[in-house]
1. Residue pairs, Cβ under 9 Å, 6 or more apart or interchain, first in the stretch 363-381 and touching a residue at least 40 places away in the same chain (Cβ under 8 Å), second part of a loop (DSSP other than H, G, I, E, B) and aliphatic (A, V, I, L, M). List them.
2. Scan the stretch 41-91 for residues that are in a helix (DSSP H, G or I), out of contact with any helix residue (DSSP H, G or I) (no Cβ under 7 Å at 6 or more places or on another chain) and small (G, A, S) and report the count.
3. Which one of I148, I136, I121 is farther than 22 Å from P233 by Cα and either β-branched (V, I, T) or not in a helix (DSSP H, G or I) (or both)?
4. Would you mind listing the helices (runs of 4 or more DSSP H) fully within the stretch 286-381 where at least 3 residues are at pLDDT 90 or above?
5. Of all residues in the stretch 137-161, which are of a type in the set (V, I, T) and surrounded by fewer than 22 Cβ atoms within 10 Å (Cβ to Cβ)?
6. Looking only at the stretch 231-285, count every residue that is outside any helix (DSSP H, G or I), small (G, A, S) and either under 23 Å from the mean Cα position of the chain (by Cα) or buried (at least 22 other Cβ atoms within 10 Å of the Cβ) (or both) and tell me the total.
Amino acid sequence: MKKGNPTALLPLVVFLALFLGSGIYFNMQGVDMAFYQLPAPVAAIVGIILAFVMGKGSIDEKMDTFVSGVGDSNIIIMCMIYLLAGGFSAVASAMGGVDSTVNFGLSIIPPSLILPGIFIIACFVSTSMGTSMGTISAVAPIAVEMAIKAQLPVAVAVGAVVGGAMFGDNLSMISDTTIAATRTQGCEMKDKFIMNFKIALPAAILTIIIMIITGVSGQIPADLDYSVIKIVPYIAVLVLALAGINVFLVLIIGIVLGGIIGLIDGSLTFISFAQTIYEGFTSMQEVFILSLLVGGLAALIAKDGGVDYLLHAITSRIKSTRGAEAGIGALVSVADICTANNTVAIVITGPMAKQIADENGVDPRRSASILDIFSCVWQGI
């Protein structure tokens, strides 16, 4: 392998430093959502400009390289899936799917199992919605209320929500982290799900056991309103995806099914249905734009030898398949710590992880799972 050019990595370093630095600054200022104040695409633009200034060749040649990276088939497919996943999540939520799922789960929790029940509900909701932040927004207020009434430590209840949200975000077929991990590693979502499930399930079971042992009884809110039919789109998407049906078709079916249910019960009209789909599209705007920009930035860095240098630095220390897996885990962990965004971390490190996996015999399903798991673990922390 070529030793590459370390200075070619400077645009990526600047991008990460801007993102991390602004997050730390705003955090010290006491600003909420500190790491989301500077939009990641803007930080990426700065890195791209630097790559153009530093790179060899004419502006036209560098633009061709950038555009080829932006237009990579995996990047475009990933972005299209983002849009459909956002549309499905928005429609399912608008017709009451999230509230019904949460309330249904709460209605079947025994009072003696509040903590593990909250964790399991967060797991299912996040797996269904494909978003950890959406799950936390929906479940955390209820968990806090229940914890106060049951005289449980609020931090523990919120921790159960965050843990379950990250578990589901990691596994979900429509999660942006899953989409990014499978597209960059070249494996099917259902295959990654099965591999990932085998790794994550023991940890979830151990968590539930600990919560059962250390938990206490409490009150469950009464008169919980839910409709089982509104949970159907989530279940349908999960089942169809596991059956191996094309993810585009799965998400379109989910959107249509959610729309039909909403139209029948009056929670949606034809116009609001269309508007909600578009709102779902726009909710994925940042990760959509960032994926395109990072694809172009990665192509510029690769052309100038930056990727070769980084891969050489990592692979020269790898002596086994397990070592390669550890290297992939460390790579995405550092990226997530720097960006505080697990999807961004996977988009940045995915192509490099793919090369490490290919050269060291790591199964694509496993490398995709490792990327997703480590990024979600650090995101939760």
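The values are calculated or read from the model by the stated rules, or taken from the named source; none is laboratory data. Predicted model, so just to flag it, every value in this text is computed and none were measured. Backbone-built Cβ (ideal geometry, glycine too); neighbour counts: all protein chains shown.
1. Listed pairs, sorted by first residue: I370/V362; W378/A340; Q379/A340.
2. Residues that pass the stated criteria total 1.
3. Values: I136 fails: farther than 22 Å from P233 by Cα; I121 fails: farther than 22 Å from P233 by Cα.
Of I148, I136, I121, the one residue that is farther than 22 Å from P233 by Cα and either β-branched (V, I, T) or not in a helix (DSSP H, G or I) (or both) is I148.
4. Working: elements: 306-315, 321-339, 342-359, 364-380.
Output list reads 321-339, 342-359, 364-380.
5. Going residue by residue through the stretch 137-161, those that are of a type in the set (V, I, T) are 139, 142, 144, 148, 154, 156, 158, 161.
Scanning the stretch 137-161 gives I142, V144, I148, V154, V156, V158.
6. Filtering the stretch 231-285 down to residues outside any helix (DSSP H, G or I) leaves 243-246, 266-269, 284.
Remaining after also requiring small (G, A, S): 243-244, 266-267.
When the remaining residues are screened for being either under 23 Å from the mean Cα position of the chain (by Cα) or buried (at least 22 other Cβ atoms within 10 Å of the Cβ) (or both), the result is 243-244.
Of the residues in the stretch 231-285, 2 are outside any helix (DSSP H, G or I), small (G, A, S) and either under 23 Å from the mean Cα position of the chain (by Cα) or buried (at least 22 other Cβ atoms within 10 Å of the Cβ) (or both).
Here is a yes/no grid of residues against (1) within 25 Å of I210 (Cβ to Cβ); (2) buried (at least 21 other Cβ atoms within 10 Å of the Cβ); (3) hydroxyl-bearing (S, T, Y); (4) in contact with a Leu (Cβ under 9 Å, 6 or more places away or on another chain):
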| position | (1), (2), (3), (4) |
| --- | --- |
| A94 | no, yes, no, yes |
| D99 | no, no, no, no |
| I109 | yes, no, no, no |
| L115 | yes, yes, no, yes |
| I118 | yes, yes, no, yes |
| A122 | yes, yes, no, no |
| T127 | yes, yes, yes, yes |
| T131 | no, yes, yes, no |
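Residue-by-condition table, conditions (1) acidic (D, E); (2) within 30 Å of D225 (Cα to Cα); (3) surrounded by fewer than 21 Cβ atoms within 10 Å (Cβ to Cβ):
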site	(1), (2), (3)
K3	no, no, yes
P11	no, no, no
A40	no, no, no
S58	no, no, yes
I77	no, no, yes
A90	no, yes, no
